[in-house]
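Okay, structure first, notes after.
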Amino acid sequence: MPSVTVRAPAKVNVRLAVGPLRPDGYHDLVNVFLAVALQDRVTATPAGALRVTCAGPGAGQVPLDAGNLAARAAAALAARLGRAPDVHLHIDKDIPVAGGMAGGSADAAAALLACDALWGAGTPRETLHELAAGLGSDVPFALAGGAALGRGRGELLTPLPVEGTFHWVFALAEGGLSTPAVYRECDRLRAEDPAGADVPPPQGDPALEAALAAGDPHALAARLVNDLQPAALSLRPALADTLRAGADAGALAGLVSGSGPTCAFLAADADGAAALAKSLNDSGTCRQARATTAPAPGATTIDFHA
C-alpha cells in the first residue's frame, strides 16, 4: 500500500511579545521561533474515509476526531484539490502534548506535506503555507522550521539566520495548559495592573536576532522573553519551582515555553544540557526533562512508498 511519512519539529519561542487585545479577540504578536529536534512523525496511507490514529507519549490526550489539527489539514488540502480526504493519518508522538511546543501544529504541517505527496498533487509551497496559516498561528513555522520572526498572529514569517547549534532542556509538566485560557489570564492580569493598562505594540529585538546569527548562547540567554509567562505562572504556580530548579542547576536562562506548561532552559553546550536534564529529573519539579538541540528543519519527507 502506498504511504508517505513526514516528520515535523517542535518549537520554542525565544521571544514572544504580546500586544493589546484586538477587537476581533486576537492579539498582535512578535514571535521569534526556533525549531528544536523533538519531532512528531505522521504517516499517510490511502483509506476509505479520513481516519486518525496516534501512538507514543501522551497519545491518549490527542483527539482522534475531525477536530484533530492533522485531520483538519488533510481536509483543507483535499478541499483545495477538489477531492475527498480519504486518508489514514497515523501520528507517532514525541513532542509533548499540550506543552506549549506546537505539537499539534507540527502534526498539521506534516499532514499537509504527507497528503500532498500521497495524492501526487505537487501543490506549490506558497499554497501549503496559505493553508497552514488558515489552520493555526504555529502551523506555517512547523512547515518552515529553522528560525523565523513571526508577526501578525505568528503566521507572517521572515526567516532568520542561525549559526551553529543551541542546546536546550525541556522540563515537561504533568497535564497541559489551555492556550486560550493563558491568553485570557494575560488580559486579566494586564487589566488589573495600572501599569499594564496601556500595552504597547509588540516589537522585535535586534540583539536577540544577532545572538542567533552569532551562535552565542550567553547572548541569547540574556534576551529571552515570554509575555505569557506571568499568566502561565498565575494558572500553574508550581512552574516557578521548575524555573528555580533549572536556574539552580546552572541553566544560562529559562522561561515558560509559549503558553506552557513546559519550561525551556538554555545550556552552554551538550555536556551542560545533559547535566541540567539530570538535575531537573532529580529535582521532583517536573514529570521529565529532555535535552535536545536547535535549530531543526521544518516538515520533511523521510519515507515514501509508491
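Is it true that some residue in the range 92-103 is of a type in the set (A, V, I, L, M), farther than 28 Å from Glu174 by Cα and not assigned by TED's automatic domain parsing to the domain that holds Leu239? Taking every residue of the range 92-103 in turn, none turns out to be of a type in the set (A, V, I, L, M), farther than 28 Å from Glu174 by Cα and not assigned by TED's automatic domain parsing to the domain that holds Leu239. For the range 129-144, the condition of being of a type outside the set (A, V, I, L, M), modelled with pLDDT of 95 or more and farther than 27 Å from His27 by Cβ holds for none of the residues. Residues of the range 130-147 being in contact with a Pro (Cβ under 7 Å, 6 or more places away or on another chain) and not in a helix (DSSP H, G or I), which ones? Of everything in the range 130-147, those that are in contact with a Pro (Cβ under 7 Å, 6 or more places away or on another chain) and not in a helix (DSSP H, G or I) turn out to be Gly145, Gly146, Ala147. Checking each residue in the range 213-231 for being without any contact (Cβ under 8 Å) to a residue 60 or more places away in the chain and either over 16 Å from Ala247 (Cβ atoms) or of a type in the set (Lys, Arg) (or both) picks out Ala213, Ala214, Gly215, Asp216, Ala219, Pro230, Ala231.
Among all residues of the range 114-129, there is none that is of a type in the set (Val, Ile, Thr) and in a strand (DSSP E or B). Cβ separations smaller than 7 Å between residues 6+ apart or across chains give the following pairs from the range 193-212 residues that are touching a residue at least 24 places away in the same chain (Cβ under 8 Å) to residues that are basic (Lys, Arg) and assigned to a loop (DSSP other than H, G, I, E, B): Asp205/Arg223; Leu208/Arg223.
Of all residues in the range 169-185, those being in contact with a helix residue (DSSP H, G or I) (Cβ under 7 Å, 6 or more places away or on another chain) and not in a loop (DSSP other than H, G, I, E, B) number 5. Of all residues in the range 26-62, exactly one satisfies the criterion of being within 15 Å of the chain's Cα centre (by Cα) and either in the same structural domain as Leu228 (by TED's automatic domain parsing) or acidic (Asp, Glu) (or both), namely Asp40.
Restricting the range 198-254 to residues that are among the charged types (D, E, K, R) and more than 21 Å from the chain's Cα centre (by Cα), the residue that is nearest to Gly146 (Cα to Cα) is Asp216.
Scanning the range 254-277 for residues being closer than 11 Å to Asn226 by Cβ and at pLDDT 95 or above gives a total of 5.
You will find that of Gly67, Gly56, the residue that is closer than 28 Å to Leu235 by Cβ and in contact with a Lys or Arg (Cβ under 6 Å, 6 or more places away or on another chain) is Gly56 and no other. Summed over the range 7-51, the residues that are out of contact with any helix residue (DSSP H, G or I) (no Cβ under 8 Å at 6 or more places or on another chain) and among the small types (Gly, Ala, Ser) give a count of 7.
How many residues are closer than 10 Å to Trp119 by Cβ, touching a residue at least 40 places away in the same chain (Cβ under 8 Å) and buried (at least 18 other Cβ atoms within 10 Å of the Cβ) if we restrict to the range 79-92?
Of the residues in that region, 1 qualify.
The condition of being over 25 Å from His27 (Cα atoms), of a type in the set (A, V, I, L, M) and out of contact with any Leu (no Cβ under 6 Å at 6 or more places or on another chain) does not hold for Ala191.
Please determine whether any residue of the range 141-148 is assigned by TED's automatic domain parsing to the domain that holds Ala59, aromatic (Phe, Trp, Tyr) and touching a residue at least 40 places away in the same chain (Cβ under 8 Å). Looking for residues that are assigned by TED's automatic domain parsing to the domain that holds Ala59, aromatic (Phe, Trp, Tyr) and touching a residue at least 40 places away in the same chain (Cβ under 8 Å), one finds at least one in the range 141-148, hence yes.
Out of Leu69, Leu81, Leu64, Leu38, which single residue is closer than 30 Å to Arg188 by Cβ and among the aliphatic types (A, V, I, L, M)?
Leu69
Would you confirm, using the coordinates I've provided, whether Gly122 is farther than 27 Å from Ala268 by Cα, in the same structural domain as Ala274 (by TED's automatic domain parsing) and exposed (fewer than 14 other Cβ atoms within 10 Å of the Cβ)? No: the conditions fail for Gly122.
The values are calculated or read from the model by the stated rules, or taken from the named source; none is laboratory data. None of the values given here were measured: they were computed from a predicted structure. In this analysis, Cβ positions are derived from the backbone assuming ideal geometry, glycine residues included, and neighbour counts consider all displayed protein chains.
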